[in-house]
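Everything on this sheet refers to the single structure shown next.
Laboratory data are not the source of any read-out in this text; all were calculated from the coordinates shown. Small disclaimer: the values here were computed from a predicted structure and weren't measured. Quick reminder, even Gly has a Cβ in these numbers, built from the backbone with ideal geometry, and neighbours come from all protein chains shown.
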Amino acid sequence: MAHVDCSFYGPRQEFGHRPPVTKTWWRESGPLPDDINDRNQTMKTTNEPTASEAQLRYLLDRIDILDTIARYSQGQDSHQGSDDNILEQWDEVFTEDSKIDYSVAGAPLGNHRDLARWMRGDKEHPGSMTGSFQNWQHMLSLPVVTIDGDTARARTDFFSTHRGKKEQNINIHYNAPGAFHDELVRTPKGWRIRARRLEVYFGDPLLIASTPEPAIRG
């Protein structure tokens, strides 16, 4: 059998044999400088990211704007059927002099109170929603927001679905996706929508299949 020279691996060690412990280089070279801990602490402090006041203001403004836009859908969906008290939330969404353009859906130009009346009706006239639908839901995407001082713009995609009234034989789901285009302003009570334009991508009335009544078994 050929002899293999393994001497470059160092002296042979028996299994379980532990080589003697030697002094480490930093102990042999003397004590560490007294200020090394101070230098390390300084490096940690200077390398940590710090948020400026402007960045914090932007984040707080953006969170407030997202909440304001979300309260619109909360107002719609928290009040189903004959419950028409959507202004409970909408008065905290829009400014008093708001300008709302839902003309693409057939609504007259006006403010948010005019829109609430058109959708939910009043004692004399049924609303465009409540006259035909009994339930609905409005789901929002994350808004794309641009903030400029005390004003801002936001675009929010949405998907809305509406359940027709069974008692009126309106046995459909009406689905409509689109987008809200908002102009917002900072107020003493927080951010509010000053102007909104509705964009609708398409609308589909989907027939709900009728199912037989389950048989009653005695």
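Rank-order 197-208, 157-168 by packing density, defined as the average count of other C-beta atoms within 10 Å over each peptide's residues, highest first.
157-168, 197-208
At what distance in nm do the modelled label points of residue 197 and residue 210 sit from each other, each positioned 7 Å from its Cα along Cα→Cβ?
4.4 nm
Residue separation times 0.36 nm, minus the C-alpha to C-alpha distance between residue 70 and residue 122: what's the value?
Answer, rounded to one decimal: 16.2 nm.
Under the classification rounded if a/c is under 1.5, otherwise prolate if a/b is larger than b/c and oblate if not, where does the stretch 135-202 fall, given a ≥ b ≥ c as square roots of the Cα gyration tensor eigenvalues?
Working: a/c = 3.76, a/b = 2.53, b/c = 1.49.
Judged from the Cα gyration tensor, the stretch 135-202 comes out prolate (a/c at least 1.5, a/b above b/c).
Using only the Cα atoms of the stretch 53-207, what are the Rg and Dmax in Å?
When restricted to Cα atoms, the stretch 53-207 yields Rg and Dmax of 16.1, 58 Å.
From the residues 143, 159, 129, which one has its Cα farthest along the dipole of the stretch 105-168 in the positive direction, the dipole being from +1 and -1 charges on Cβ of Lys/Arg and Asp/Glu about the Cα centre?
Selected residue: 129.
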